[in-house]
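A.B. asks: Pasting a structure here, questions to come.
Bear in mind that the values in this text are calculations on the coordinates, not laboratory data. Not measured: the values here are computed from a predicted model. Cβ atoms come from the backbone with ideal geometry, glycine included; neighbour counts cover every protein chain shown.
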Amino acid sequence: MRDGDANTKLFQLDARHKKRKNLITRLVADGQIYTNHEDKARIVDDFYEGLLGTCMDRERTINLTELGLNAVDLADLEQPFTEEEIWATIKQLPSDKAPGPAGFTGRFYNPAGQ
């Protein structure tokens with residue numbers, strides 16, 4: 001039980017640290033400080049709208065049927081992953097490299113190296 005509690009405490013500390021690290025407590029725009037969530041969201045939206053612009057109708061379109069491309073059925077992409085697919089992917093992970101920012105290497109996910 002104690003080992004489980006220690007792990008829970010570790011993960012809770014890590015989660016709290018990540019939340020604090022990723023939290024934007026205030027934004028400064030036009031010399032004013034904004035701490036309200038709605039104000040911060042509006043400032044970010046306005047910034048990216050100014051950066052990226054707004055959506056406009058195009059003057060020209062492409063008729064994809066005229067390109068003669070083969071139709072591809074993508075319905076299989078919506079199927080859930082099977083356990084076999086997941087294990088096959090895990091087994092292909094390099095044991096000494098982390099696939100993401102969490103820092104867990106392939107050895108963590110597949111300790112037996114099967």
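A.B. asks: In Å and on Cα atoms, what radius of gyration and Dmax does the chain show?
C.D. replies: 23.9, 66
A.B. asks: Have a look at Gly103, Cys55, Ala29 and report the one farthest towards the positive end of the charge dipole of the stretch 16-114, computed about the Cα centre with Cβ charges (Lys/Arg +1, Asp/Glu -1).
C.D. replies: Gly103
A.B. asks: Which net charge results for the neighbourhood of Leu52, defined as the other residues with beta-carbon distances under 14 angstrom from its beta-carbon, given Lys and Arg at +1 and Asp and Glu at -1?
C.D. replies: -3
A.B. asks: No solvent, one uniform scatterer per C-alpha: report log10 I(q)/I(0) for the stretch 8-60 via the Debye equation at q = 0.15 1/Å, two decimals.
C.D. replies: -0.63
A.B. asks: For the stretch 76-114, run through the trypsin sites (Lys or Arg not before Pro) and keep only the ones in DSSP coil with at most 10 other Cβ atoms within 10 Å of their Cβ.
C.D. replies: Lys97
A.B. asks: Which whole DSSP H helices in the chain pass both tests: a Cα extent of 18 Å or more along the axis and a mean Kyte-Doolittle value no lower than -1.0?
C.D. replies: Helix filter hits for the chain: 37-52.
A.B. asks: Then there is this: To one decimal place, what Kirkwood hydrodynamic radius in Å is obtained for the stretch 66-114 from all pairs of distinct Cα atoms?
C.D. replies: 13.4 Å
A.B. asks: Tell me what the chain gives for mean residue ellipticity at 222 nm when only DSSP H runs of n ≥ 4 count, each as -39,500 (n - 2.57), the sum divided by the residue total, rounded to 500 deg cm²/dmol.
C.D. replies: Helix contribution divided over all residues of the chain: -14000 deg cm²/dmol.
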